[in-house]
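Here is the structure we will look at, set down as structure tokens.
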Amino acid sequence: MSRYLFDSAALQTVGRFTALESCYDPVSRRQLELTGLTAGWRCLEVGGGGASLGDWLGERVGPRGEVTVTELEPRWAAPRQRPEHVRLLRHDVVRDPLPGQDYDLVHARLVLLHLPERISVLQRLAAALRPGGWLVLEEFDCGWTPVLAAPDDASAALFDRVHTALMGLLEKAGADPLWGRRVMGAMAAAGLSDLTATTYAEAWPGGSTGIALHRHNTEQVADRLTASGVTQDELTEFQALLHHPEFVVNSYPLISARGRRPHEKEVP
């Protein structure tokens, strides 16, 4: 069984993947291109979800390259047609050995945030790079999601109440909702060099593709939210608020951190 709060076998998974790919894939592609990504590279995409980024990496590295996409529940990505140099694996990054070594690029988006073992996983991913290879980790900082506009003060307070309860469930499941602000320091502690990070956020108005992420997440764990003290009436009002044209919330800031495994001559 998945250790994630949001079990990837649930029906809400497709909607969550759609929202994430629509809002954040362009950001991730820009970050991956900044590594010098080119034809012939060997790439590992960890927790690839619907494999949209893995398939894009396959186009960039071409048939002389290699892309491995791993996922706890790969069935959502399996129906897509992909070339032979892009392979999809059912894989648990905590329990299973990594599917290879000496990668030019390793990428994970919104994976380590959910893992209590995030530091040891980070160290293993860094060790799987070739000297000079790049690790790109992209994580949310869920601690800054201000309501930017609302029909009234009560609506803004309702969003904050439900969202705070959701963050509490994440923490109980072993996730770190603030991992995004810590990831660059953790990469430095793992011995990576040439570190840099950028942060991306946007406004999510009611009814938009991005704000649907909140709808899918709260729908999936509605029973746990009510058990934590959120009433069913509040959840119903919350779902209606996410469609309200006068409601706007800041997206989850995505912090994209890049670091390179140094060559031996560069290590102090």
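Laboratory data are not the source of any read-out in this text; all were calculated from the coordinates shown. Since the structure is predicted, the reported quantities are computational estimates derived from the model, not experimental observations. Cβ atoms come from the backbone with ideal geometry, glycine included; neighbour counts cover every protein chain shown.
Close amide H contacts of LEU148 (hydrogens built in the peptide plane, cut-off under 5 Å, sequence separation of 5 or more or a different chain): VAL248, VAL249, ASN250.
Of the trypsin sites (Lys or Arg not before Pro) in the range 87-127, the ones in a loop by DSSP (not H, G, I, E or B) with at most 10 other beta carbons within 10 Å are ARG95.
Charges at C-beta only: +1 for Lys and Arg, -1 for Asp and Glu. How large is the resulting dipole of the range 31-112 about its Cα centre, in Debye rounded to 20?
In total the dipole reaches around 160 debye.
Nearest-5 percent of antiparallel DSSP beta bridges in the chain?
Percent antiparallel among DSSP bridges in the chain is about 50.
Since only VAL248, ALA128, ALA157 are under comparison, the one whose Cα sits farthest along the positive direction of the charge dipole of the chain, derived from C-beta charges on Lys, Arg, Asp and Glu, is ALA128.
Between ASP223 and HIS85, the simple spin-label model (points 7 angstrom out along Cα→Cβ) gives 4.6 nm.
In terms of the Cα gyration tensor, with a ≥ b ≥ c the square roots of its eigenvalues, is the range 1-133 rounded because a/c is under 1.5, prolate because a/b exceeds b/c, or oblate? Because a/c hits 1.5 or more and a/b fails to exceed b/c, the range 1-133 counts as oblate.
Largest mean-square fluctuation among TYR252, TYR24, TYR103, in a Gaussian network model of the chain whose springs join Cα atoms under 10 Å apart, belongs to TYR24. Summing charges over neighbours of PRO63, with a neighbour being any other residue whose Cβ is under 15 Å away from its Cβ, gives +1 when K and R count +1 and D and E count -1. Compared with the dominant Cα axis of the chain, that is its longest principal axis, helix 232-241 is turned about 70°. Angle of helix 118-127 to the longest C-alpha principal axis of the chain, folded into 0 to 90 degrees and rounded to 10: 20°.
Shape descriptor for the range 13-266: Rg over Rh equals 0.99 (Cα atoms; Rh from the Kirkwood inverse mean 1/r).
The Cβ shell under 13 Å around HIS244 holds other residues with a net charge of -2, Lys and Arg each +1, Asp and Glu each -1. About the centre of its Cα atoms, the range 13-266 shows a dipole size close to 940 debye [charges on the beta carbon of Lys, Arg (+1) and Asp, Glu (-1) only; nearest 20 debye]. For the chain, modelled as a GNM whose springs connect Cα atoms under 10 angstrom apart, the maximal fluctuation among LEU34, LEU195, LEU88 occurs at LEU34.
Its Cα gyration tensor gives the range 159-251 an equivalent ellipsoid, and the semi-axes of that ellipsoid, as √(5λ) in whole Å with the largest first, are 30, 19, 8. Helix-only arithmetic for the chain: the sum of -39500 (n - 2.57) across DSSP H runs with n ≥ 4, divided by the residue total, places the mean residue ellipticity at 222 nm at -10500 deg cm²/dmol.
Springs between Cα atoms under 10 Å define the GNM used for the chain, and in it the highest mean-square fluctuation of ASP176, ASP102, ASP141 occurs at ASP102.
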